[in-house]
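Quick note: the coordinates plus some simple rules give every number you see, no bench work behind them. Predicted model only: the values in this text are computed from it and were never measured. Using ideal geometry, Cβ is built from the backbone for each residue, glycine included, and neighbour counts are taken over all protein chains shown.
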Amino acid sequence: MALPNLSDADRRAALKKAAEARQKRAALRAEIKSGKVSFAAVMKKAEDPVVARMKVSTLLESLPGFGKAKANKIMAEFEISPSRRVQGLGARQLEHLFERLG
């Protein structure tokens with residue numbers, strides 16, 4: 001698929017939009033890490049583009065008490081690809097994650 005030819009103004013707008021999305025995801029990760037937001041609360045907002053486009057591994061690593069090893073172990077156990085995003089989780093995978101993480 002060929003990339004569209006964007007004007008300078010369109011390119012700047014796209015870059016600004018992408019930067020805002022990254023900042024929102026970083027703020028959400030900080031809230032999760034501090035315990036202000038639970039896993040269940042995040043998953044209830046799974047339709048939100050900020051949450052939907054977050055990698056599952058990033059979400060798990062943001063949980064208090066979780067790191068790369070624990071996140072990778074859970075993802076391997078539930079057969080979740082390392083590149084999977086929240087919007088791409090299957091029903092069974094979601095069910096297993098809710099059972100384990102609440």
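A simple charge model with +1 on the Cβ of Lys and Arg, -1 on the Cβ of Asp and Glu and nothing else charged puts the dipole of the chain at about 300 debye relative to its Cα centre. Across the cross-link table entries LYS17/LYS73; LYS45/LYS70; LYS16/LYS45, which are compared at the Cα atoms, the separations over 27 Å belong to LYS17/LYS73.
Note on LYS24: aspartates and glutamates with a C-alpha under 16 Å away, same-chain residues under 8 apart excluded, are GLU47, ASP48.
With each run of n ≥ 4 DSSP H residues scored as -39500 (n - 2.57), what mean residue ellipticity at 222 nm is computed for the chain after dividing by its residue count and rounding to the nearest 500 deg cm²/dmol? Only helices count here, giving -19000 deg cm²/dmol. To the nearest ten degrees, helix 68-77 and the longest principal axis of the Cα atoms of the chain are 70 degrees apart.
Shown here for segment 26-102: trypsin sites (Lys or Arg not before Pro) in loop regions (DSSP other than H, G, I, E, B) with at most 12 other Cβ atoms within 10 Å, namely LYS36. Qualifying GluC sites (Glu not before Pro) in segment 1-70, where qualification requires a DSSP coil assignment and no more than 14 other C-beta atoms within 10 Å, comprise GLU47. The angle separating the long axis of helix 91-101 from the principal Cα axis of greatest extent in the chain is about 60 degrees.
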